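**Student:** Here's a structure for you.
The values are calculated or read from the model by the stated rules, or taken from the named source; none is laboratory data. Bear in mind that the values here come from a model prediction, so they are computed numbers and not experimental data. A quick note on method: Cβ atoms are made from the backbone with ideal geometry, for glycine too, and the neighbour counts reach across all protein chains shown. Just so you know, the surface numbers come from the protein's heavy atoms only, side chains and all, with ligands and any DNA or RNA stripped out. Shrake-Rupley method; radii C 1.70, N 1.55, O 1.52, S 1.80 Å.
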Amino acid sequence: MENNTYDFGLIGLGVMGRNFILNVADHNYKAFGYDLDPEKVNALIKEGGNQEKVSASVEITTFISALSLPRKIMLLVPAGKAVDAVIESLLPHLSKDDIIIDGGNSFFTDTDRRETYLQSKGIYFFGAGVSGGAEGARNGPSIMPGGSRMAYKEVQPIFEAVAAKFNNEPCVAYLGPKSAGNYVKMVHNGIEYGLMQLTAEFYDLLKKGGQLNNNELHQVFTEWNKGDLQSFLVEISAQIFEKKDPLGHGQLVDKILDKAKQKGTGKWTSQNAMDIGIPVPTIDIAVSMREISSLKEERMLASKKYGRGKTDLIEKEKLITKAGKALYFAFIITYAQGMHQLRAASNEYGYALSLSGIAKIWRAGCIIRAALLEDIARVFEEDNELANLLLAPTFSEKILESVGAARELVTYAAHNGIPMPGLFNSLSYFDAYTSEQLPLNLIQAQRDYFGSHTYERTDKEGIFHTDWS
Ligand code: 6PG
(Lines give C-alpha, C1' and ligand atoms only; values in the text may rest on other atoms or scores of the structure.)
Protein backbone atom coordinates (compact mmCIF):
# COMPACT_ATOMS: atom_id res chain seq x y z
CA MET A 1 0.00 0.00 0.00
CA GLU A 2 1.36 3.40 -0.98
CA ASN A 3 0.63 6.36 1.25
CA ASN A 4 -1.85 9.07 0.32
CA THR A 5 -3.29 7.28 -2.68
CA TYR A 6 -6.79 6.35 -1.60
CA ASP A 7 -9.56 8.78 -2.63
CA PHE A 8 -12.10 7.99 0.05
CA GLY A 9 -12.05 6.78 3.65
CA LEU A 10 -14.85 5.06 5.52
CA ILE A 11 -15.10 4.44 9.23
CA GLY A 12 -17.47 1.77 10.52
CA LEU A 13 -17.39 -1.39 8.44
CA GLY A 14 -20.72 -2.84 9.56
CA VAL A 15 -23.19 -3.94 6.91
CA MET A 16 -23.90 -0.40 5.66
CA GLY A 17 -20.25 0.69 5.75
CA ARG A 18 -18.94 -2.40 3.97
CA ASN A 19 -21.56 -2.13 1.25
CA PHE A 20 -21.01 1.60 0.77
CA ILE A 21 -17.24 1.31 0.47
CA LEU A 22 -17.52 -1.56 -2.03
CA ASN A 23 -19.89 0.61 -4.05
CA VAL A 24 -17.29 3.43 -4.04
CA ALA A 25 -14.58 1.00 -5.19
CA ASP A 26 -16.84 -0.27 -7.99
CA HIS A 27 -16.86 3.23 -9.41
CA ASN A 28 -13.12 3.48 -9.83
CA TYR A 29 -12.38 5.36 -6.67
CA LYS A 30 -9.81 3.84 -4.39
CA ALA A 31 -11.32 3.45 -0.95
CA PHE A 32 -9.86 2.64 2.45
CA GLY A 33 -11.84 1.47 5.48
CA TYR A 34 -11.22 1.57 9.19
CA ASP A 35 -12.83 -0.39 11.99
CA LEU A 36 -11.62 -1.54 15.38
CA ASP A 37 -13.02 -5.00 14.73
CA PRO A 38 -10.45 -7.14 12.81
CA GLU A 39 -13.21 -9.46 11.59
CA LYS A 40 -14.96 -6.62 9.82
CA VAL A 41 -11.67 -5.39 8.34
CA ASN A 42 -10.83 -8.86 7.06
CA ALA A 43 -14.34 -9.38 5.70
CA LEU A 44 -14.02 -6.21 3.63
CA ILE A 45 -10.55 -7.09 2.33
CA LYS A 46 -11.79 -10.53 1.34
CA GLU A 47 -14.93 -9.26 -0.37
CA GLY A 48 -13.12 -6.34 -2.02
CA GLY A 49 -10.73 -8.74 -3.75
CA ASN A 50 -8.19 -6.19 -4.96
CA GLN A 51 -6.41 -4.24 -2.21
CA GLU A 52 -5.19 -1.63 -4.67
CA LYS A 53 -8.86 -0.64 -5.05
CA VAL A 54 -10.24 -1.25 -1.61
CA SER A 55 -8.45 -2.02 1.60
CA ALA A 56 -8.86 -1.51 5.34
CA SER A 57 -7.07 -1.51 8.66
CA VAL A 58 -7.66 -1.63 12.40
CA GLU A 59 -4.90 1.00 12.81
CA ILE A 60 -5.99 4.60 12.64
CA THR A 61 -2.51 5.76 11.58
CA THR A 62 -2.50 3.34 8.62
CA PHE A 63 -5.98 4.57 7.68
CA ILE A 64 -5.01 8.24 7.90
CA SER A 65 -1.82 7.90 5.88
CA ALA A 66 -3.58 5.87 3.19
CA LEU A 67 -5.84 8.80 2.22
CA SER A 68 -5.11 11.56 -0.29
CA LEU A 69 -5.50 15.21 0.77
CA PRO A 70 -7.85 16.75 1.60
CA ARG A 71 -9.00 13.55 3.24
CA LYS A 72 -12.61 12.63 2.66
CA ILE A 73 -13.69 10.48 5.56
CA MET A 74 -17.22 9.18 5.87
CA LEU A 75 -18.54 7.85 9.18
CA LEU A 76 -21.14 5.12 9.15
CA VAL A 77 -21.39 4.49 12.86
CA PRO A 78 -24.44 4.54 15.18
CA ALA A 79 -25.80 8.04 15.79
CA GLY A 80 -25.02 9.68 19.13
CA LYS A 81 -21.95 9.29 21.30
CA ALA A 82 -20.14 7.02 18.83
CA VAL A 83 -19.96 9.87 16.30
CA ASP A 84 -18.36 12.22 18.84
CA ALA A 85 -15.94 9.50 19.96
CA VAL A 86 -14.81 8.80 16.38
CA ILE A 87 -14.36 12.52 15.71
CA GLU A 88 -12.16 12.86 18.81
CA SER A 89 -10.07 9.87 17.82
CA LEU A 90 -9.55 11.30 14.32
CA LEU A 91 -8.75 14.88 15.29
CA PRO A 92 -5.06 14.49 16.30
CA HIS A 93 -4.32 12.90 12.92
CA LEU A 94 -6.15 15.21 10.54
CA SER A 95 -4.77 18.02 8.35
CA LYS A 96 -6.38 21.40 7.71
CA ASP A 97 -9.31 21.25 5.24
CA ASP A 98 -9.87 17.52 5.66
CA ILE A 99 -13.54 16.61 5.42
CA ILE A 100 -15.57 14.44 7.76
CA ILE A 101 -18.95 13.26 6.47
CA ASP A 102 -21.45 11.81 8.90
CA GLY A 103 -23.55 9.33 6.94
CA GLY A 104 -25.66 8.14 9.88
CA ASN A 105 -29.05 9.21 11.19
CA SER A 106 -27.65 11.89 13.50
CA PHE A 107 -29.97 14.34 15.19
CA PHE A 108 -29.69 17.59 13.26
CA THR A 109 -28.71 19.81 16.18
CA ASP A 110 -25.79 17.43 16.89
CA THR A 111 -24.61 18.05 13.33
CA ASP A 112 -24.77 21.83 13.84
CA ARG A 113 -22.76 21.52 17.05
CA ARG A 114 -20.15 19.28 15.42
CA GLU A 115 -19.79 21.54 12.41
CA THR A 116 -19.12 24.58 14.60
CA TYR A 117 -16.67 22.63 16.74
CA LEU A 118 -14.72 21.27 13.78
CA GLN A 119 -14.75 24.60 11.96
CA SER A 120 -12.70 26.00 14.85
CA LYS A 121 -10.13 23.31 14.11
CA GLY A 122 -9.99 23.90 10.35
CA ILE A 123 -11.87 20.72 9.52
CA TYR A 124 -14.99 20.56 7.35
CA PHE A 125 -17.89 18.56 8.68
CA PHE A 126 -21.12 17.73 7.04
CA GLY A 127 -24.06 15.47 7.59
CA ALA A 128 -25.22 13.33 4.70
CA GLY A 129 -28.29 11.18 5.22
CA VAL A 130 -28.01 7.89 3.37
CA SER A 131 -31.14 5.91 2.59
CA GLY A 132 -31.77 2.54 1.04
CA GLY A 133 -30.53 0.03 3.58
CA ALA A 134 -27.75 -2.45 2.81
CA GLU A 135 -28.91 -3.09 -0.74
CA GLY A 136 -29.01 0.66 -1.47
CA ALA A 137 -25.57 1.23 0.04
CA ARG A 138 -24.16 -1.50 -2.22
CA ASN A 139 -25.95 -0.68 -5.47
CA GLY A 140 -27.04 2.93 -5.21
CA PRO A 141 -28.50 4.78 -2.23
CA SER A 142 -30.22 8.13 -2.13
CA ILE A 143 -27.80 10.55 -0.46
CA MET A 144 -28.87 13.77 1.29
CA PRO A 145 -25.82 15.94 1.99
CA GLY A 146 -25.79 19.30 3.73
CA GLY A 147 -23.07 21.52 5.14
CA SER A 148 -20.23 23.44 3.54
CA ARG A 149 -20.75 23.79 -0.21
CA MET A 150 -16.97 23.98 -0.74
CA ALA A 151 -16.45 20.69 1.05
CA TYR A 152 -19.30 19.14 -0.89
CA LYS A 153 -17.54 19.97 -4.18
CA GLU A 154 -14.72 17.65 -3.10
CA VAL A 155 -16.97 14.66 -2.56
CA GLN A 156 -19.57 15.45 -5.21
CA PRO A 157 -18.05 13.28 -7.99
CA ILE A 158 -17.81 10.28 -5.67
CA PHE A 159 -21.35 10.70 -4.33
CA GLU A 160 -22.76 11.20 -7.82
CA ALA A 161 -21.02 8.04 -9.01
CA VAL A 162 -22.27 5.83 -6.18
CA ALA A 163 -25.81 7.20 -5.77
CA ALA A 164 -28.87 5.54 -7.26
CA LYS A 165 -29.85 6.88 -10.69
CA PHE A 166 -33.30 7.95 -11.81
CA ASN A 167 -33.45 8.58 -15.59
CA ASN A 168 -29.65 8.82 -15.41
CA GLU A 169 -29.84 11.61 -12.81
CA PRO A 170 -27.97 10.78 -9.60
CA CYS A 171 -30.11 10.68 -6.46
CA VAL A 172 -27.87 13.05 -4.58
CA ALA A 173 -27.76 16.85 -4.45
CA TYR A 174 -26.32 19.49 -2.20
CA LEU A 175 -29.31 20.37 -0.02
CA GLY A 176 -28.20 23.36 2.00
CA PRO A 177 -25.94 24.62 4.78
CA LYS A 178 -25.47 23.27 8.29
CA SER A 179 -27.60 20.28 9.20
CA ALA A 180 -29.85 20.46 6.11
CA GLY A 181 -28.84 16.92 5.06
CA ASN A 182 -29.62 15.30 8.39
CA TYR A 183 -32.85 17.26 8.72
CA VAL A 184 -34.09 16.16 5.31
CA LYS A 185 -33.15 12.54 6.13
CA MET A 186 -35.04 12.83 9.42
CA VAL A 187 -38.21 13.95 7.64
CA HIS A 188 -37.64 11.24 5.02
CA ASN A 189 -37.80 8.78 7.90
CA GLY A 190 -40.91 10.42 9.35
CA ILE A 191 -42.62 9.94 5.97
CA GLU A 192 -41.25 6.38 5.97
CA TYR A 193 -42.98 5.77 9.31
CA GLY A 194 -46.28 7.15 7.96
CA LEU A 195 -46.21 5.06 4.79
CA MET A 196 -45.26 1.90 6.70
CA GLN A 197 -48.09 2.39 9.20
CA LEU A 198 -50.56 2.92 6.35
CA THR A 199 -49.47 -0.17 4.41
CA ALA A 200 -49.80 -2.21 7.61
CA GLU A 201 -53.32 -0.85 8.22
CA PHE A 202 -54.47 -1.71 4.72
CA TYR A 203 -53.01 -5.20 5.05
CA ASP A 204 -55.14 -5.57 8.20
CA LEU A 205 -58.21 -4.15 6.47
CA LEU A 206 -57.94 -6.53 3.51
CA LYS A 207 -57.41 -9.48 5.82
CA LYS A 208 -60.30 -8.66 8.15
CA GLY A 209 -62.77 -7.00 5.79
CA GLY A 210 -62.21 -9.20 2.73
CA GLN A 211 -60.66 -12.31 4.25
CA LEU A 212 -57.75 -12.13 1.80
CA ASN A 213 -55.07 -14.72 2.39
CA ASN A 214 -51.35 -14.06 1.94
CA ASN A 215 -51.34 -15.21 -1.67
CA GLU A 216 -54.18 -12.83 -2.49
CA LEU A 217 -52.45 -10.04 -0.57
CA HIS A 218 -49.33 -10.73 -2.60
CA GLN A 219 -51.35 -10.35 -5.79
CA VAL A 220 -53.10 -7.16 -4.66
CA PHE A 221 -49.88 -5.45 -3.60
CA THR A 222 -48.17 -6.62 -6.80
CA GLU A 223 -50.98 -5.05 -8.85
CA TRP A 224 -50.93 -1.87 -6.77
CA ASN A 225 -47.24 -1.62 -7.41
CA LYS A 226 -47.90 -1.42 -11.15
CA GLY A 227 -50.12 1.66 -10.82
CA ASP A 228 -50.41 4.93 -8.88
CA LEU A 229 -49.21 3.25 -5.69
CA GLN A 230 -45.94 2.10 -7.24
CA SER A 231 -43.39 2.40 -4.45
CA PHE A 232 -40.64 0.48 -2.71
CA LEU A 233 -42.73 -0.19 0.40
CA VAL A 234 -45.67 -1.60 -1.57
CA GLU A 235 -43.25 -3.66 -3.67
CA ILE A 236 -41.48 -5.25 -0.70
CA SER A 237 -44.80 -5.85 1.09
CA ALA A 238 -45.93 -7.89 -1.95
CA GLN A 239 -42.77 -9.97 -1.64
CA ILE A 240 -43.14 -10.33 2.13
CA PHE A 241 -46.61 -11.88 1.80
CA GLU A 242 -45.31 -14.78 -0.25
CA LYS A 243 -42.15 -15.52 1.73
CA LYS A 244 -42.33 -19.01 3.19
CA ASP A 245 -41.46 -19.54 6.85
CA PRO A 246 -37.97 -21.06 6.85
CA LEU A 247 -38.64 -22.62 10.27
CA GLY A 248 -42.11 -24.06 9.77
CA HIS A 249 -45.24 -24.15 7.66
CA GLY A 250 -47.02 -21.27 5.97
CA GLN A 251 -45.78 -17.75 5.36
CA LEU A 252 -43.26 -16.05 7.58
CA VAL A 253 -45.27 -12.83 8.01
CA ASP A 254 -47.83 -14.69 10.16
CA LYS A 255 -45.15 -15.78 12.62
CA ILE A 256 -43.66 -12.35 13.23
CA LEU A 257 -44.46 -10.80 16.59
CA ASP A 258 -46.54 -7.62 16.17
CA LYS A 259 -44.27 -5.36 18.26
CA ALA A 260 -42.52 -2.78 16.07
CA LYS A 261 -39.22 -1.33 17.21
CA GLN A 262 -37.86 2.11 16.41
CA LYS A 263 -34.56 3.94 16.54
CA GLY A 264 -35.93 7.44 17.01
CA THR A 265 -35.96 9.28 13.69
CA GLY A 266 -39.75 9.12 13.33
CA LYS A 267 -40.18 10.43 16.86
CA TRP A 268 -37.71 13.26 16.17
CA THR A 269 -39.71 14.25 13.08
CA SER A 270 -42.88 14.52 15.14
CA GLN A 271 -41.16 16.30 18.02
CA ASN A 272 -39.55 18.84 15.75
CA ALA A 273 -42.75 19.36 13.77
CA MET A 274 -44.37 20.37 17.08
CA ASP A 275 -41.43 22.68 17.80
CA ILE A 276 -41.80 24.53 14.52
CA GLY A 277 -45.61 24.47 14.61
CA ILE A 278 -46.35 22.23 11.63
CA PRO A 279 -49.05 19.55 11.86
CA VAL A 280 -47.92 16.07 10.77
CA PRO A 281 -50.61 13.88 12.39
CA THR A 282 -50.12 10.89 10.08
CA ILE A 283 -46.48 10.73 11.14
CA ASP A 284 -47.37 11.36 14.81
CA ILE A 285 -49.80 8.45 14.89
CA ALA A 286 -47.33 6.17 13.12
CA VAL A 287 -44.91 6.77 16.02
CA SER A 288 -47.69 6.23 18.59
CA MET A 289 -48.71 2.99 16.88
CA ARG A 290 -45.20 1.59 17.29
CA GLU A 291 -45.56 2.44 20.98
CA ILE A 292 -49.02 0.84 21.23
CA SER A 293 -47.68 -2.21 19.40
CA SER A 294 -44.99 -2.67 22.00
CA LEU A 295 -47.62 -2.87 24.78
CA LYS A 296 -48.42 -6.42 23.73
CA GLU A 297 -49.15 -7.80 27.19
CA GLU A 298 -51.53 -4.94 28.04
CA ARG A 299 -53.18 -5.28 24.65
CA MET A 300 -53.79 -8.96 25.29
CA LEU A 301 -55.47 -8.21 28.60
CA ALA A 302 -57.55 -5.40 27.16
CA SER A 303 -58.64 -7.45 24.15
CA LYS A 304 -60.23 -9.95 26.55
CA LYS A 305 -62.19 -7.18 28.27
CA TYR A 306 -63.41 -5.51 25.10
CA GLY A 307 -64.02 -8.26 22.58
CA ARG A 308 -65.15 -7.35 19.06
CA GLY A 309 -68.29 -8.49 17.30
CA LYS A 310 -68.15 -10.21 13.95
CA THR A 311 -66.61 -8.14 11.17
CA ASP A 312 -68.97 -7.27 8.31
CA LEU A 313 -67.38 -8.63 5.16
CA ILE A 314 -67.05 -6.61 1.97
CA GLU A 315 -66.93 -8.21 -1.44
CA LYS A 316 -63.24 -8.69 -2.28
CA GLU A 317 -62.97 -6.83 -5.58
CA LYS A 318 -64.95 -3.88 -4.24
CA LEU A 319 -62.78 -3.71 -1.13
CA ILE A 320 -59.52 -3.94 -3.09
CA THR A 321 -60.54 -1.08 -5.39
CA LYS A 322 -61.61 1.16 -2.52
CA ALA A 323 -58.54 0.27 -0.49
CA GLY A 324 -56.20 1.12 -3.38
CA LYS A 325 -57.78 4.56 -3.71
CA ALA A 326 -57.84 5.27 0.02
CA LEU A 327 -54.22 4.18 0.45
CA TYR A 328 -53.23 6.49 -2.39
CA PHE A 329 -55.12 9.33 -0.68
CA ALA A 330 -53.30 8.69 2.60
CA PHE A 331 -49.89 8.39 0.88
CA ILE A 332 -50.43 11.83 -0.68
CA ILE A 333 -51.41 13.28 2.69
CA THR A 334 -48.27 11.80 4.31
CA TYR A 335 -45.95 13.33 1.71
CA ALA A 336 -47.89 16.61 1.96
CA GLN A 337 -47.24 16.74 5.71
CA GLY A 338 -43.54 15.89 5.34
CA MET A 339 -42.99 18.45 2.57
CA HIS A 340 -44.88 21.06 4.60
CA GLN A 341 -42.52 20.42 7.50
CA LEU A 342 -39.49 20.77 5.20
CA ARG A 343 -40.83 24.07 3.81
CA ALA A 344 -41.21 25.47 7.34
CA ALA A 345 -37.88 24.10 8.57
CA SER A 346 -36.14 25.63 5.58
CA ASN A 347 -37.23 29.08 6.77
CA GLU A 348 -36.78 28.35 10.46
CA TYR A 349 -33.22 27.05 10.17
CA GLY A 350 -32.08 28.95 7.05
CA TYR A 351 -31.56 25.82 4.92
CA ALA A 352 -32.98 27.38 1.71
CA LEU A 353 -34.19 23.95 0.63
CA SER A 354 -35.33 23.16 -2.89
CA LEU A 355 -38.35 20.94 -2.36
CA SER A 356 -38.34 19.75 -5.96
CA GLY A 357 -34.64 18.90 -5.62
CA ILE A 358 -35.45 16.81 -2.55
CA ALA A 359 -38.37 15.03 -4.24
CA LYS A 360 -36.06 14.27 -7.17
CA ILE A 361 -33.34 12.61 -5.11
CA TRP A 362 -36.02 10.50 -3.40
CA ARG A 363 -37.23 9.02 -6.70
CA ALA A 364 -34.76 6.12 -6.51
CA GLY A 365 -32.52 4.44 -3.97
CA CYS A 366 -34.37 5.42 -0.80
CA ILE A 367 -37.04 3.70 1.27
CA ILE A 368 -39.80 6.19 0.39
CA ARG A 369 -39.20 6.09 -3.38
CA ALA A 370 -42.54 6.13 -5.15
CA ALA A 371 -44.12 7.10 -8.45
CA LEU A 372 -45.85 9.95 -6.59
CA LEU A 373 -42.50 11.73 -6.16
CA GLU A 374 -42.43 12.54 -9.90
CA ASP A 375 -45.59 14.62 -9.45
CA ILE A 376 -44.32 16.12 -6.20
CA ALA A 377 -41.06 17.18 -7.89
CA ARG A 378 -42.97 18.77 -10.76
CA VAL A 379 -45.32 20.69 -8.49
CA PHE A 380 -42.49 22.20 -6.43
CA GLU A 381 -40.47 22.90 -9.55
CA GLU A 382 -43.29 25.20 -10.59
CA ASP A 383 -43.55 26.81 -7.17
CA ASN A 384 -40.92 26.14 -4.50
CA GLU A 385 -42.86 28.32 -2.04
CA LEU A 386 -46.11 26.35 -2.36
CA ALA A 387 -47.39 26.05 1.22
CA ASN A 388 -48.88 22.59 0.88
CA LEU A 389 -49.16 19.94 -1.84
CA LEU A 390 -52.93 19.96 -1.33
CA LEU A 391 -53.07 23.42 -2.86
CA ALA A 392 -51.55 22.26 -6.18
CA PRO A 393 -54.11 21.48 -8.95
CA THR A 394 -52.35 18.16 -9.80
CA PHE A 395 -52.93 17.01 -6.25
CA SER A 396 -56.42 18.40 -5.75
CA GLU A 397 -57.50 16.27 -8.71
CA LYS A 398 -55.93 13.14 -7.21
CA ILE A 399 -57.43 13.89 -3.81
CA LEU A 400 -60.91 14.53 -5.16
CA GLU A 401 -60.77 11.16 -6.93
CA SER A 402 -59.69 9.25 -3.83
CA VAL A 403 -61.14 10.99 -0.77
CA GLY A 404 -64.55 9.30 -1.17
CA ALA A 405 -62.97 5.86 -0.77
CA ALA A 406 -61.07 7.09 2.29
CA ARG A 407 -64.33 8.29 3.87
CA GLU A 408 -66.12 5.03 3.19
CA LEU A 409 -63.31 2.95 4.65
CA VAL A 410 -62.92 5.17 7.73
CA THR A 411 -66.64 4.66 8.39
CA TYR A 412 -66.36 0.94 7.79
CA ALA A 413 -63.24 0.56 9.96
CA ALA A 414 -64.78 2.57 12.82
CA HIS A 415 -67.96 0.51 12.65
CA ASN A 416 -66.03 -2.76 12.75
CA GLY A 417 -63.36 -1.76 15.26
CA ILE A 418 -60.45 -2.13 12.83
CA PRO A 419 -57.69 0.24 13.94
CA MET A 420 -56.72 2.45 11.00
CA PRO A 421 -55.46 5.58 12.77
CA GLY A 422 -53.10 6.50 9.94
CA LEU A 423 -56.03 6.69 7.54
CA PHE A 424 -58.30 8.39 10.13
CA ASN A 425 -55.67 11.00 10.91
CA SER A 426 -54.95 11.60 7.24
CA LEU A 427 -58.64 12.19 6.57
CA SER A 428 -59.11 14.43 9.61
CA TYR A 429 -56.04 16.41 8.65
CA PHE A 430 -57.47 16.86 5.18
CA ASP A 431 -60.88 17.88 6.50
CA ALA A 432 -59.38 20.35 8.95
CA TYR A 433 -56.87 21.81 6.51
CA THR A 434 -59.62 22.36 3.96
CA SER A 435 -62.10 23.94 6.43
CA GLU A 436 -62.50 27.67 6.16
CA GLN A 437 -64.10 27.72 9.58
CA LEU A 438 -62.90 25.57 12.48
CA PRO A 439 -64.51 25.52 15.93
CA LEU A 440 -61.37 26.83 17.61
CA ASN A 441 -63.08 30.15 18.23
CA LEU A 442 -64.57 28.31 21.21
CA ILE A 443 -61.08 27.39 22.44
CA GLN A 444 -60.10 31.05 22.25
CA ALA A 445 -63.20 31.97 24.25
CA GLN A 446 -62.40 29.31 26.87
CA ARG A 447 -58.80 30.50 27.15
CA ASP A 448 -59.96 34.04 27.63
CA TYR A 449 -62.65 32.94 30.11
CA PHE A 450 -60.35 31.10 32.50
CA GLY A 451 -57.00 32.77 31.90
CA SER A 452 -57.63 36.19 30.32
CA HIS A 453 -55.53 35.01 27.39
CA THR A 454 -57.37 37.41 25.03
CA TYR A 455 -58.74 36.79 21.55
CA GLU A 456 -59.02 38.39 18.13
CA ARG A 457 -62.37 39.16 16.44
CA THR A 458 -63.60 38.41 12.96
CA ASP A 459 -65.11 41.87 12.50
CA LYS A 460 -62.66 44.27 14.17
CA GLU A 461 -58.85 44.66 14.36
CA GLY A 462 -57.16 44.37 17.73
CA ILE A 463 -56.79 42.19 20.81
CA PHE A 464 -59.84 41.74 23.05
CA HIS A 465 -60.61 40.51 26.52
CA THR A 466 -64.04 39.96 28.02
CA ASP A 467 -65.18 39.53 31.60
CA TRP A 468 -67.08 36.30 30.89
CA SER A 469 -68.61 35.72 34.31
C1 6PG B 1 -33.29 4.31 5.35
C2 6PG B 1 -33.92 4.02 6.69
C3 6PG B 1 -32.91 3.75 7.75
C4 6PG B 1 -33.54 3.54 9.13
C5 6PG B 1 -34.32 2.28 9.23
C6 6PG B 1 -34.73 1.90 10.67
O7 6PG B 1 -33.64 5.37 4.83
O8 6PG B 1 -32.51 3.51 4.83
O9 6PG B 1 -34.68 5.12 7.08
O10 6PG B 1 -32.07 4.87 7.82
O11 6PG B 1 -32.53 3.49 10.04
O12 6PG B 1 -35.44 2.34 8.44
O13 6PG B 1 -35.51 2.86 11.28
P14 6PG B 1 -36.37 2.46 12.58
O15 6PG B 1 -35.56 1.45 13.33
O16 6PG B 1 -36.57 3.71 13.36
O17 6PG B 1 -37.63 1.86 12.06
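**Student:** What trypsin sites (Lys or Arg not before Pro) does the stretch 120-167 have in DSSP loop regions with at most 15 other beta carbons within 10 Å? The partial results should precede the final answer.
**Tutor:** Working: sites: LYS121, ARG138, ARG149, LYS153, LYS165; in loops: LYS121.
Here the sparse-neighbourhood loop sites are LYS121.
**Student:** Viscosity 1.002 mPa s, temperature 20 °C: what is the translational diffusion coefficient of the chain from Stokes-Einstein with a Kirkwood Rh over Cα pairs, rounded to a whole number of µm²/s?
**Tutor:** Numbers: Rh = 24.3 Å.
Stokes-Einstein gives a translational diffusion coefficient of 88 µm²/s.
**Student:** With label points built 7 Å along Cα→Cβ from the Cα atoms of ARG378 and GLU59, find their separation and express it in nm.
**Tutor:** 5.8 nm
**Student:** Another question, then. Find how many whole Å separate the alpha carbon centroid of the stretch 1-40 from the alpha carbon centroid of the stretch 198-274.
**Tutor:** Their Cα centres are 34 Å away from one another.
**Student:** Keeping every protein chain in place, order HIS249, HIS453 by accessible area at 1.4 Å, biggest value first, i.e. largest first. Write down the numbers at each step before the final one.
**Tutor:** Values: HIS249 165, HIS453 85 Å².
Ranking HIS249, HIS453 by accessible area, largest first, yields HIS249, HIS453.
**Student:** Next up: Starting from the Cα of GLU408, step 7 Å along the direction of its Cβ; do the same at ASN441; then give the gap between the two resulting points in nm.
**Tutor:** About 3.6 nm, to one decimal.
**Student:** Report, for the chain, the % of DSSP beta bridges that are antiparallel, rounded to 5. Write out the running numbers ahead of the final one.
**Tutor:** Values: 10 of 31 bridges.
About 30 percent, rounded to the nearest 5.
**Student:** For the stretch 8-178, what are the per-bin percents of Cα-Cα distances with bins 5 Å wide, up to the bin holding the maximum?
**Tutor:** Pairs per bin, as whole percents: 1, 9, 20, 24, 22, 16, 6, 2, 0.
**Student:** OK, next. Compute the Cα gyration tensor for the stretch 421-462, then decide on rounded, prolate or oblate, letting a ≥ b ≥ c be the square roots of its eigenvalues: rounded whenever a/c is under 1.5, prolate when a/b is larger than b/c in the other cases, and oblate in all that remain. Could the numbers behind the result be given before it?
**Tutor:** Working: a/c = 4.79, a/b = 1.96, b/c = 2.44.
Oblate is the answer for the stretch 421-462, as a/c is 1.5 or above yet b/c matches or exceeds a/b.
**Student:** Starting from one equal scatterer on each C-alpha and no solvent at all, send me the Debye-based log10 I(q)/I(0) for the stretch 379-423 at q = 0.33 Å⁻¹, two decimals.
**Tutor:** One equal scatterer on each Cα of the stretch 379-423 leads to -1.08.
**Student:** Based on the mean of other Cβ atoms within 10 Å per residue, sort peptides 321-334, 82-95, 414-427 so the most packed one is first. Don't jump to the answer; show the numbers that get you there.
**Tutor:** Details: 321-334: 24.4, 82-95: 15.3, 414-427: 20.1.
Packing proxy ranking, top to bottom: 321-334, 414-427, 82-95.
**Student:** What order do you get for 435-446, 4-15, 255-266 when each peptide is scored by the mean count of other beta carbon atoms within 10 Å, highest first?
**Tutor:** Descending packing order for the listed peptides: 4-15, 255-266, 435-446.
**Student:** While we're looking at this one, here's another question. With a length cut of 30 Å (Cα positions projected on each helix's long axis) and a Kyte-Doolittle mean of at least -1.0, go through the chain and give me the DSSP H helices that pass.
**Tutor:** 180-210, 316-349, 393-416
**Student:** Right, here's the next one. For the chain, what is the mean residue ellipticity at 222 nm derived from helices alone (per DSSP H run of n ≥ 4: -39500 (n - 2.57); sum divided by total residues; nearest 500 deg cm²/dmol)?
**Tutor:** Details: 19 runs with 263 residues, N = 469.
Result for the chain: -18000 deg cm²/dmol, rounded to the nearest 500.
**Student:** When N counts the residues of the stretch 185-433, how does its alpha-carbon radius of gyration compare numerically with 2.2 N^0.38 Å, as a ratio?
**Tutor:** Working: Rg = 18.1 Å, N = 249, 2.2 N^0.38 = 17.9 Å.
Output field value: 1.01.
**Student:** Let me ask something else about it. How large is the accessible surface of LEU301 in square angstrom, using a 1.4 angstrom probe and rounding to the nearest 10?
**Tutor:** Near enough 130 Å² of accessible area.
**Student:** In whole angstrom, note down how far apart the Cα centers of the stretch 287-312 and the stretch 412-445 are.
**Tutor:** The distance from the Cα centre of the stretch 287-312 to that of the stretch 412-445 comes to 22 Å.
**Student:** Let me ask another. So who's got an amide H within less than 5 Å of the one on MET74, skipping anything under 5 residues away but keeping other chains? H placed 1.01 Å off N, in plane.
**Tutor:** Amide H neighbours of MET74: GLY9, LEU10, ILE11, ILE101.
**Student:** Something else about it: What number, in percent, do you get for the relative contact order of the chain if the mean sequence gap of Cα pairs under 8 Å and at least 6 apart is divided by its residue count? Don't skip to the end; give the middle numbers.
**Tutor:** Working: 820 pairs, mean separation 60.4, N = 469.
The value is 13 percent.
**Student:** Right, something else. When Lys and Arg each count +1 and Asp and Glu each count -1, what net charge do the other residues less than 9 Å away from VAL24, Cβ to Cβ, add up to?
**Tutor:** On the way: positive: LYS30; negative: ASP7, ASP26.
For residues surrounding VAL24, the net value is -1.
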